[in-house]
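Chemist: Please see the structure below; I have some questions.
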Amino acid sequence: MSENMKHIYLYTRYERFWHWLQMALIMILLVTGFEIHGLYTLFGFERAVDIHNYVGLGWLTAFAFFIFWIFTTGEWKQYIPTTKKLFSVIRYYGYGIFLGEPHPVPKRKEAKHNPLQRLTYLGLAAALLPLQMTTGILYWTYNYWEAWGLDFLSLAIVALIHMALAFSILIFLIIHVYMTTTGHTIFAHVKAMITGWEEVEPTVAIEEWEKAA
């Protein structure tokens, strides 16, 4: 099957860099965060707190650059939500994929994400991640709440929200890793996020400049 696939340059260097950087940062935050909550001992509590705080600030900075990038390059259009073929995609991942059916929404340069991915990634980028970062900053700056007029907030509630969102991100990562194995080969999607070249069905119309040499 792979011999009949077309190759298109789908992911830019920055997209790949951001993807793997964010993955590394989130993994470090999860590991140190669980240690802070006493799940195990790896770095030691104080060091885990320091690592967690500084990596969190690094993630916030990288995320700000990502938002700047999608709006200056027009890539924000890739995240416009749509319900067109949404249920077809859900049906495909539910059981169509196990029957060898073709994906109802093949990847293209102008549509890298299917409707289900668009809704998921938009929810992450516009709601879950900003809220996680906001609660993290509030958690970190607890001693300044009174001076900033934020003493009406509850540290317990902020901490609970922060932890709940961390588990949500962990669940997303598990599902995301599984979804990377659903290409025409088990490592096809991972390879594309490393090289930038995605293999698509021969029936997908692509431009000449997108074709691999």
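The values are calculated or read from the model by the stated rules, or taken from the named source; none is laboratory data. What you see is a predicted model, and the numbers here were worked out from it, not measured in a lab. We place every Cβ from the backbone using ideal geometry, glycine too, and count neighbours over all the protein chains shown. SASA here: full protein model, heavy atoms, side chains in, ligands and nucleic acids out. Shrake-Rupley method; radii C 1.70, N 1.55, O 1.52, S 1.80 Å.
Chemist: First measure r as the distance between the Cβ atoms of residue 42 and residue 65, then evaluate 1/(1 + (r/R0)^6) with R0 = 35 Å and state the FRET efficiency to the nearest 0.05.
Modeler: For R0 = 35 Å, the calculated efficiency reads 0.75.
Chemist: Counting only protein heavy atoms and using a 1.4 Å probe, what share of the accessible area of region 6-210 belongs to carbon plus sulfur, as a whole percent?
Modeler: Of all accessible area on region 6-210, carbon and sulfur atoms account for 69 percent.
Chemist: ³J(HN,Hα) across region 48-57 via Karplus (A = 6.51, B = -1.76, C = 1.60, θ = phi - 60°), whole Hz, x for Gly/Pro?
Modeler: 4, 4, 4, 4, 4, 5, 6, 5, x, 5
Chemist: Between residue 201 and residue 77, what is the label-to-label distance in nm when each label sits 7 Å out along the Cα-to-Cβ direction?
Modeler: 2.3
Chemist: When the chain is fully extended, how far beyond the present Cα-Cα distance does residue 153 get from residue 168, taking 0.36 nm per residue of separation?
Modeler: Net length gain for the segment: 3.1 nm.
Chemist: Per residue, what accessible area does region 6-210 have, given a 1.4 Å probe and all protein chains present, in Å²?
Modeler: So region 6-210 comes to 60 Å² accessible per residue, rounded to a whole number.
Chemist: While we're looking at this one, here's another question. Could you report the accessible area of residue 105 in Å², rounded to 10, computed with a 1.4 Å probe on the protein chains as they sit in the structure?
Modeler: 30
Chemist: May I pose another question? Tell me the accessible surface of residue 120 in square angstrom (1.4 angstrom probe, heavy atoms of protein chains only), to the nearest ten.
Modeler: My reading of the accessible area for residue 120 is about 60 Å².
Chemist: In whole Hz, with x marking every Gly and Pro, tabulate ³J(HN,Hα) for region 31-47 from phi via Karplus 6.51 cos²θ - 1.76 cosθ + 1.60, θ = phi - 60°.
Modeler: Once θ is set to phi - 60°, the couplings for region 31-47 become 4, 6, x, 5, 5, 4, 8, x, 5, 6, 10, 10, 9, x, 4, 4, 5 Hz.
Chemist: Radius of gyration and Dmax for region 30-91's Cα atoms, expressed in Å?
Modeler: Answer for region 30-91, Rg first and Dmax second: 18.7, 49 Å.
Chemist: Same structure, new question: FRET efficiency for residue 24 and residue 180, Cβ-Cβ distance as r, R0 = 25 Å, nearest 0.05?
Modeler: 0.95
Chemist: Can you show me the helix-derived [θ] at 222 nm for the chain, built from DSSP H runs with n ≥ 4 at -39,500 (n - 2.57) apiece and divided by the number of residues, rounded to the nearest 500.
Modeler: That comes out to -18000 deg cm²/dmol.
Chemist: May I pose another question? Among [x] 121; [y] 156; [z] 133, which one is volume of the Cα convex hull per residue in Å³ computed from these coordinates?
Modeler: Read-out taken from this structure: [y].
Chemist: Nearest 20 debye, what's the magnitude of the dipole of the chain about its Cα centre given +1 on Lys and Arg Cβ and -1 on Asp and Glu Cβ?
Modeler: Computed charge dipole of the chain: roughly 540 debye.
Chemist: In whole Hz, with x marking every Gly and Pro, tabulate ³J(HN,Hα) for region 77-93 from phi via Karplus 6.51 cos²θ - 1.76 cosθ + 1.60, θ = phi - 60°.
Modeler: Ordered by residue, 3J(HN,Hα) equals 5, 5, 10, 5, x, 8, 9, 5, 6, 4, 6, 5, 5, 4, 4, 4, 6 Hz.
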